[in-house]
Amino acid sequence: MVERGSGPVVELDFHNTLVKDAQRELTSYLSHAPDSVREVRVIHGYHGGTALRDMIRYHFHHPRIKTKMIALNPGETRLILK
């Protein structure tokens, strides 16, 4: 995972990350993210398959997530935080 940004919007890049590792890292990040972070842009890519994208969009849940938004970029999912 590569983290970019430190303000209200943070970008996490999970290219070439296994689904189970991405799930663990995203859970850890959201559990420890400062309250000032309001949005996480999760970069999962789209050329390498759909397992990571589907896990994030349809199967991943965390108490900090208010809603998930499908971005115009098919390789990105936006998480709006509480």
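The values are calculated or read from the model by the stated rules, or taken from the named source; none is laboratory data. As the structure is a computational prediction, the values presented were derived from the model and not from experiment. Because the Cβ atoms are built from the backbone with ideal geometry, glycine has one as well, and the counts that use them run over all protein chains shown.
Here is how the numbers come out for the structure above:
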quantity	calculated
Members of the stretch 28-63 found to be of a type in the set (D, E, K, R) and without any contact (Cβ under 8 Å) to a residue 24 or more places away in the chain, listed by number	D35, D54, R57
Neighbours by Cβ (under 8 Å, 6+ apart or cross-chain): first from the stretch 70-82, surrounded by 13 or more Cβ atoms within 10 Å (Cβ to Cβ) and outside any loop (DSSP other than H, G, I, E, B); second modelled with pLDDT of 95 or more and among the acidic types (D, E)	R78/E39; L79/E39; I80/E39; L81/E39
In the stretch 25-51, residue surrounded by the fewest Cβ atoms within 10 Å (Cβ to Cβ) [restricted to those that are in contact with a helix residue (DSSP H, G or I) (Cβ under 8 Å, 6 or more places away or on another chain) and in a strand (DSSP E or B)]	V40
Selection count, the stretch 60-82, where residues are more than 19 Å from N16 (Cα to Cα) and in contact with a helix residue (DSSP H, G or I) (Cβ under 9 Å, 6 or more places away or on another chain)	8
Scan of the stretch 9-24 for residues that are assigned to a helix (DSSP H, G or I) and buried (at least 16 other Cβ atoms within 10 Å of the Cβ), ordered by number	V19, A22, Q23
Which numbered condition D54 misses (of (1) acidic (D, E); (2) assigned to a strand (DSSP E or B); (3) out of contact with any strand residue (DSSP E or B) (no Cβ under 8 Å at 6 or more places or on another chain))	(2)
Any chance G5 is small (G, A, S), modelled with pLDDT under 95, touching a strand residue (DSSP E or B) at 6+ places or on another chain (Cβ under 8 Å) and surrounded by 13 or more Cβ atoms within 10 Å (Cβ to Cβ)	yes
Residue list for the stretch 23-67, filter: of a type in the set (D, E) and either more than 16 Å from K82 (Cβ to Cβ) or at pLDDT below 95 (or both)	E25, D35, D54
